[in-house]
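Just below is one structure, and these are the notes that go with it.
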Amino acid sequence: MSASKPCNKTVLAGESGCRVVYCHDCRVAELEVGSVSLRLKDDAFRNLSSLIATAVANLDKASLRDGGFYGQDGYHVH
Ligand SMILES: [Zn+2]
């Protein structure tokens, strides 16, 4: 990598440890969770966002229906 000017980045949400940084030059959103960083094109990041929203909605439905994340015998149900 040559010493070109650094990327123009903005923190979209969150704080150190769990945040999303957006690079305007690369059009890439970086999801940073702990030491893990996931780089996604902005449209892929939108897809991930709706995926997570759907998953959370289904998670809430599942926990209401089953009274929790565990089956009646106490084992984790996959
Ligand atoms: Zn960049």
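Taken together, the values in this text are just the output of simple stated rules run on the coordinates, not laboratory data. Only a predicted model underlies this, so the values are computations on that prediction, with no experimental measurement involved. Glycine gets a Cβ as well: all are built from the backbone with ideal geometry, and neighbour counts include every protein chain shown.
Taken together, the criteria place SER63 among residues that are among the hydroxyl-bearing types (Ser, Thr, Tyr) and surrounded by 10 or more Cβ atoms within 10 Å (Cβ to Cβ).
Starting from segment 13-36, take each residue that is more than 18 Å from LEU48 (Cα to Cα) and list its partners that are within 16 Å of the ligand (Cβ to nearest atom) and among the hydroxyl-bearing types (Ser, Thr, Tyr), counting only C-beta distances under 7 angstrom and pairs at least six apart or across chains. Qualifying pairs under 7 Å: HIS24/THR10. Step by step: first the residues of segment 28-42, then only those that are surrounded by 13 or more Cβ atoms within 10 Å (Cβ to Cβ) and hydrophobic (A, V, I, L, M, F, W, C), then the one that is farthest from ASN8 (Cα to Cα). Which residue is that? By that ranking, first place goes to LEU38.
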